[in-house]
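Please find one structure pasted underneath; my questions will follow.
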Amino acid sequence: MKRVAVLASGRGSNFQAILDAMQSGEINSARCCGLITDNPDAYAIVRAHKAGIPVKLLDYRLFSSREEYESQLVRAMHETDADLFVLAGYMRILGKKIVSGFAGKIMNIHPALLPSFPGLHAQRQALECGVKVAGCTVHLVDEGMDTGPIILQECVPVLEGDTEESLSDRILLREHWCLPRAVQLFCEGRIRVEEKRVYIL
Ligand code: GRF
């Protein structure tokens, strides 16, 4: 069994989707060994407590510098002894040191069809651009912003009259489908990366 740690800053519905998939057996090659969060008010913490998952809270506001926060984050990540780290609504950019120190072991879910609309407010960016198809991407994390090798993508239609909220809700359902599958593939050892391309074995 692989060990999966999740980093989340807020609601944690993607974290929950992973826990549910572990519970149902959809993810059968891994267990969740911890939640790391930068936000004491994150609802993800409540979800972790309900599921008996250990929580490491690193309240970003209590650190005097980003460097200090990141050195504690590295320590917390090592302490989980995880094989895979999943960024599930983790709202901070990971520093280069962390990304290179855990190279190939960090996965992120982004609510857009990358490489379109990286960064914040991806769904709003998509609406403003007038695209007809939107979606989500699970990718490995590299040193860029939402630029790492793409593991899975799912698309949804953009409907007339969509608001940021309605489009986000539609995409979120696909996120909950995609992310657990990517975790399972990773933990089964079925992901091979060559340059920018991911091959599913
Ligand atoms: C999701 O839309 C995810 O793609 C993005 O942040 C949001 C987190 O939602 N990175 P939740 O906390 O998992 O509910």
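Where does the range 101-161 land on Rg/Rh, using Cα atoms and the Kirkwood Rh?
Numbers: Rg = 12.3 Å, Rh = 12.0 Å.
So for the range 101-161, dividing Rg by the Kirkwood Rh gives 1.03.
Considering only the range 2-200, what is the antiparallel percent among its DSSP beta bridges, to the nearest 5?
On the way: 15 of 31 bridges.
In the range 2-200, DSSP labels about 50 percent of beta bridges as antiparallel.
Expressed as an acute angle from 0 to 90° and rounded to the nearest 10, what is the orientation of the C-alpha long axis of helix 164-187 relative to the principal long axis of the chain?
50 degrees
To test your reading of the geometry: what angle, between 0 and 90 degrees and rounded to tens, separates the Cα axis of helix 13-24 from the longest principal axis of the chain?
For 13-24 against the chain, the angle is about 70 degrees.
If you put +1 on each Lys and Arg Cβ and -1 on each Asp and Glu Cβ, how big is the dipole of the chain around its Cα centre, in Debye rounded to 20?
Its charge dipole is roughly 460 debye.
Another question, then. Once you put a point 7 Å from the Cα of Lys132 and another 7 Å from the Cα of Asp20, both along the Cβ direction, what distance in nm separates them?
Each label point is offset 7 Å from its Cα along the Cβ direction, giving 3.1 nm.
In addition: For the chain, what is the calculated [θ] at 222 nm in deg cm²/dmol (nearest 500), taking -39500 (n - 2.57) for each run of four or more DSSP H residues and dividing by its residue count? Don't skip to the answer; put the middle values down first.
On the way: 6 runs with 74 residues, N = 201.
That calculation yields -11500 deg cm²/dmol at 222 nm.
Let me ask you something else. First check a/c for the chain, with a ≥ b ≥ c the square roots of the eigenvalues of its C-alpha gyration tensor; if it is under 1.5, answer rounded, and if not, answer prolate when a/b is larger than b/c or oblate otherwise. Each step should come with its number before you reach the end.
Working: a/c = 1.40, a/b = 1.28, b/c = 1.09.
Rounded.
Could you tell me the calculated FRET efficiency between Arg31 and Lys196, based on Cβ-Cβ distance and R0 = 35 angstrom, to the nearest 0.05? Intermediate values should be presented prior to the final figure.
Numbers: r = 30 Å, r/R0 = 0.87.
Working from the Cβ atoms, E equals 0.70.
Now, a different point. What nm distance separates the two modelled labels at Met1 and Glu67, each placed 7 Å from Cα along Cα→Cβ?
The two pseudo-label positions are separated by 4.0 nm.
Skip the ligands, DNA and RNA, and give the accessible area per residue of the chain with a 1.4 Å probe, whole Å². Don't skip to the end; give the middle numbers.
Numbers: 10220 Å² over 201 residues.
Per-residue value: 51 Å².
Which is farthest toward the positive dipole end of the range 2-200 among Val158, Leu127, Tyr90, measuring Cα position about the Cα centre, with Cβ charges +1 (Lys, Arg) and -1 (Asp, Glu)?
The one lying farthest along the dipole's positive direction is Tyr90.
OK, next. With all protein chains present, how much of the accessible area of the range 1-132 (probe radius 1.4 Å) comes from carbon and sulfur, to the nearest whole percent? Don't skip to the answer; put the middle values down first.
On the way: 3360 of 6630 Å².
Carbon with sulfur: 51 percent of the solvent-accessible area.
Just to confirm a number: summing +1 for Lys and Arg and -1 for Asp and Glu over residues other than Asn39 whose beta-carbon lies under 11 angstrom from that of Asn39, what do you get?
Values: positive: Arg11, Arg61, Arg92; negative: Asp38, Asp41, Asp59.
Combined, the nearby Lys, Arg, Asp and Glu give 0.
On to the next question. At Val74 and Val55, where each label point lies 7 Å from the Cα along Cα→Cβ, what is the point-to-point distance in nanometres?
Taking the simple label geometry, Val74 and Val55 are separated by 2.7 nm.
The values are calculated or read from the model by the stated rules, or taken from the named source; none is laboratory data. Bear in mind the structure is a predicted one, so any value in this text is a computation, not a measurement. In this analysis, Cβ positions are derived from the backbone assuming ideal geometry, glycine residues included, and neighbour counts consider all displayed protein chains. Side chains are part of the model used for accessible areas, which takes the heavy atoms of the whole protein and leaves out ligands, DNA and RNA. Shrake-Rupley method; radii C 1.70, N 1.55, O 1.52, S 1.80 Å.
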